[in-house]
1. Stick to the Cα atoms of the range 341-466, pair each with every other, and give me the Kirkwood hydrodynamic radius in Å at one decimal.
2. In Å and from the alpha-carbon atoms only, list the Rg and Dmax of the range 329-410.
3. Accessible area of Tyr444, 1.4 Å probe, to the nearest 10 Å²?
4. Please state, as a whole number in µm²/s, the translational diffusion coefficient that the Stokes-Einstein equation yields for the range 1-81 at 25 °C and 0.890 mPa s, with Rh defined as the Kirkwood radius across alpha carbon pairs.
5. Straight distance only, please: which lysines reach the Cα of Lys266 with their own Cα at less than 20 Å, same-chain residues fewer than 8 apart left out?
6. If you take the Cα atoms of the range 147-237, find Rg, then find the Kirkwood Rh from the mean of 1/r over all pairs, what is Rg/Rh?
7. Give the angle, between 0 and 90 degrees and rounded to the nearest 10, that separates the Cα long axis of helix 167-187 from the longest principal axis of the Cα atoms of the chain.
8. Could you give the accessible area per residue of the chain, probe 1.4 Å, as a whole number in Å²?
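The values are calculated or read from the model by the stated rules, or taken from the named source; none is laboratory data. Computed from a predicted structure; not experimentally measured. All Cβ positions, glycine included, derive from the backbone under ideal geometry; neighbour counts span all protein chains shown. Areas reflect the complete protein model, heavy atoms only, side chains present, ligands, DNA and RNA absent. Shrake-Rupley method; radii C 1.70, N 1.55, O 1.52, S 1.80 Å.
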Amino acid sequence: MSANLVALWYLVASVCFILALKGLSSPTTARRGNAFGIAGMTIAVVTTLAVVAKGRLDLIVVAALAGGSVGTYVSRRVQMTQMPELVAAMHSLVGMAAVLIAVAVVNDPASFGIADPLPTGNKLELFIGTFVGAITFSGSVIAFGKLAGLGRHFRPFSSAPVVFRGQHWLNLALALAMIGFGIVFFMAEGKAWAPFIVMAAIAFLLGFLIIIPIGGADMPVVISMLNSYSGWAAAGIGFSLNNTMLIVAGSLVGSSGAILSYIMCKAMNRSFISVILGGFGAAEGAAAAGAGEKTVRSGSADDAAFLMANAESVIIVPGYGLAVARAQHAVKEMAEKLIHKGVNVRYAIHPVAGRMPGHMNVLLAEAEVPYDQVHEMEDINSEFGTTDVVLVLGANDVVNPLAHEKGSPIYGMPILEVARSRTVLVNKRSMAAGYAGLDNPLFYMDKTMMVFGDAKKVVEDIVKAL
């Protein structure tokens with residue numbers, strides 16, 4: 001395949017990727033966006049195979065089939081509640097791929113069409129691609145552990161921030177050391193394996209240390225941030241391989257992930273710089289008090305059905321408990337029955353509800369909930385004060401009034417103001433704390449009625465009562 005034809009097909013693939021991002025900006029066009037993304041990646045892969053057709057194409061095909069088989073197996077088995085962990089795992093693989101490619105280039109530049117010894121420009125690209133890839137890998141592994149709830153086995157995976165004295169200064173020292181060894185690698189003659197390996201090892205450690213102090217409430221931001229890192233790692237290696245498709249695709253992923261991270265930080269009243277630097281400069285919040293001897297008012301599904309059926313307006317707040325119970329279809333059926341009775345039903349979505357950006361939107365879209373019923377936090381918060389009943393399904397941190405109290409670990413984070421409504425119904429399995437490890441004063445208010453049990457079973461019982 002001629003160079004011009006390769007450039008043309010890469011251009012077509014790039015346009016498909018841009019259209020994919022455009023489509024994913026709205027739930028109504030998300031399927032079309034995914035289709036464009038699949039088409040673009042197919043074109044990119046086929047074109048790249050044509051470029052290397054004179055090489056060991058058999059090994060590439062075997063590796064692609066092996067990877068594709070594993071991917072197919074995982075995609076068929078993974079549950080919606082495990083999607084955040086899967087995303088983190090995918091990010092880690094991209095980061096490690098960037099590191100391994102850099103190692104291969106340093107070992108044998110000629111195989112990649114690069115002069116030996118390596119030109120200084122290529123060394124700079126390898127340095128950037130390696131340390132970003134290494135940070136992405138180890139950071140994504142920690143994010144995976146936090147999302148998978150492995151904190152009970154290994155403390156760095158705890159959903160609570162893992163901090164120690166001098167942590168930020170240690171991170172700064174490691175970052176300077178990493179850059180120092182990178183400069184030595186950049187300036188040295190020959191392969192300079194020693195500074196390259198030390199630089200990569202420090203980057204792996206730095207990724208670990210940057211993510212462990214980030215608490216559970218901020219994990220959706222971490223996911224989008226690591227997505228950005230993986231894109232920049234791919235782009236950096238694209239320069240080393242002189243592959244324009246990798247540069248374009250990596251840059252699109254990196255920039256879109258960075259923008260998403262910034263938007264989510266703004267929505268949560270978090271400092272973007274603080275989050276990407278592992279909470280550097282963030283205020284140290286005091287742990288919230290436990291439930292103690294507080295009492296709650298509990299009721300049944302029949303009680304909840306009676307209250308909602310006799311209300312003029314109901315707002316449903318979906319949370320991670322909804323995802324765990326896979327109750328989205330039952331919730332849609334419940335909403336339809338309420339609407340049939342003349343109740344104004346809407347859904348309120350917090351930007352960090354669940355474990356990754358858009359988690360609740362995806363669940364509701366899967367159940368084909370009409371998009372005009374789904375409202376973002378900034379659009380619906382002013383409506384809670386005039387709402388008769390709010391039904392909170394498995395949500396905790398995103399409705400926690402502790403966000404208004406100084407000293408709380410989530411102080412300053414905007415929440416769904418459900419406590420302003422006339423009646424609050426909260427469905428939870430138990431009184432256990434949320435992902436951020438905080439008790440919730442909302443559960444003990446006089447206007448709140450707890451309905452304990454699995455979200456799907458409770459909602460199905462509500463539907464029967466209606």
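1. Mean inverse Cα-Cα distance, inverted, gives 15.3 Å.
2. 13.9, 45
3. 40 Å²
4. Translational D for this selection: 170 µm²/s.
5. Lys406
6. On the Cα set of the range 147-237, Rg over Rh gives 1.05.
7. With rounding to tens, the tilt is 20 degrees.
8. Per-residue value: 47 Å².
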